[in-house]
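Shown next, in structure tokens, is the structure this report addresses.
None of the figures in this text is laboratory data; all of them are computed from the coordinates on show. Remember, predicted model here, so these are calculated numbers, not experimental data. Glycine also receives a Cβ, built like all others from the backbone with ideal geometry; neighbour counts cover every protein chain displayed.
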Amino acid sequence: MANIIDGKKLSLKLRDESAKRVIDLKNAGIEPRLDVVIVGDDPASHQYVNSRLKDCEDIGLLSITHVLDAGIEQRELTELLDKLSSDSEVHGILLQMPLPKHMDQDEVLSHICPEKDVDGLTVLNAGALFSGREGFAPCTPSSIMHLIKSTGVPIKGKNAVVVGRSIVVGKPAAMLLLAEHATVTVCHSRTVDLKAHLQNADIVVAAVGSANIIKGDMLKPGAIVIDAGINRVDGKTVGDVEFDSAERIAGYISPVPGGVGPVTRKILLSNTLTAAERANGRR
Ligand code: NAP
């Protein structure tokens, strides 16, 4: 039976590390700060933002929320982002997605300065990831890497298969694995024989959004399986990997819920503190 990668436990460790970094910064006279911008009144977005604010409060990290009306002009939002980007007291900016349909997402994101883009969504940070420069990767793929590394199994030289190629999960996860010297294959909806790829994979990252699409008999025995999928089935949250069958074949597996999700939340805090440390010459 596979070892379970306990995301909740890992997230508590990250939380404690971040709480200590907040104290260190405050002792040095620096008040680390995350500004959260949300446009509109979508309940799911507000719920997501509220949980992030609680995470900040939990470690003593100052967070300020800016709630804008869904009907505002794009210019009002970009002006706010410009102001926050140039405010030296702000270290991280989180812009909650999705934006209202009348807005051009890429244009809006370009108003967040990359040093404060702690969610890793700007094109400049994507470029930094692609070219191996310092920046911020999106939080979910960073969490995926954290879970893989927690196993202690070296990544170098391993065959990794990432299923999904979105700009927020699949592609950056592939780049991060490549940076750690894995041999990376990216599968997607037009991949002809997913099973053939998975059977050669020492590391599997599932980022599809389709319940139980990856089953145990598709996996290589002993593989590390990280499931980023979040799907609702019969009122329950399940991943992209059929847990019961995969658990019998994999060497390590992250559950859903309790795997990638809790660590992703803590990565946002950690990135904000990194931004504050960098801005003050402490890294
Ligand atoms: P997305 O933008 O919809 O991308 C899904 C990807 O899966 C696409 O690249 C798509 O291929 C591929 N795909 C679809 N059907 C496939 C199939 N039958 N076989 C192989 N690949 C297939 O989704 P996303 O934003 O990356 O999110 C993926 C999952 O992660 C979702 O369940 C989401 O809720 C979850 N998620 C979790 C977290 C977290 O913190 N845990 C954060 C963000 C997202 P094409 O490119 O060809 O269409």
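Overview of results
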read-out: Tilt relative to the chain, helix 139-150 - C-alpha long axis, 0 to 90 degrees, to 10; value: 50 degrees
read-out: Sequence-separation-based contact order of the chain, relative, with Cα cut under 8 Å and 6+ spacing, percent; value: 22 percent
read-out: Cα coordinate range in region 29-115, projected on the principal axes (Å, largest first); value: 40, 29, 17
read-out: Pair Glu89, Asn200: separation of 7 Å Cα→Cβ label points (nm); value: 5.6 nm
read-out: Packing-based exposure ordering (other Cβ within 10 Å, fewest first) of Phe136, Phe130, Phe243; value: Phe130, Phe243, Phe136
read-out: Ser210-Ile230 pseudo-label distance in nm [points 7 Å out on the Cα-to-Cβ vector]; value: 2.1 nm
read-out: Calculated [θ] (222 nm, deg cm²/dmol) that DSSP helices of n ≥ 4 give over the chain, each run adding -39,500 (n - 2.57); value: -12500 deg cm²/dmol
read-out: Per residue Cα convex hull volume in Å³ - calculated over the chain; value: 131 Å³
read-out: Crossing angle, helix 74-86 versus the chain [Cα axis fit, 0-90 degrees, rounded to tens]; value: 80 degrees
read-out: Relative exposure of Thr274, Thr65, judged by other C-beta atoms within 10 Å (fewest first); value: Thr65, Thr274
read-out: Tilt relative to the chain, helix 170-179 - C-alpha long axis, 0 to 90 degrees, to 10; value: 80 degrees
read-out: Square roots of five times the Cα gyration tensor eigenvalues for region 139-261, Å; value: 19, 15, 15
read-out: Gaussian network model of the chain, springs between alpha carbon atoms under 10 Å - residue of Asp117, Asp41, Asp217 with greatest fluctuation; value: Asp41
read-out: Value of Rg to Rh for region 37-173 (Rh from inverse mean 1/r over Cα pairs, i.e. Kirkwood); value: 0.99
read-out: Exposure proxy ranking, count of Cβ atoms within 10 Å, fewest first, for Ile23, Ile38; value: Ile23, Ile38
read-out: Candidate lysines for bridging to Lys9, where Cα separation is under 23 Å - those fewer than 8 sequence places away on the same chain excluded; value: Lys20, Lys54, Lys149, Lys236, Lys266
read-out: Candidates Asn212, Asn50, Asn159: whichever shows maximal mean-square fluctuation once the chain is modelled as a Gaussian network with Cα springs under 10 Å; value: Asn50
read-out: Hydrodynamic radius (Kirkwood) for region 86-138, which is based on Cα pairs only, to one decimal in Å; value: 11.6 Å
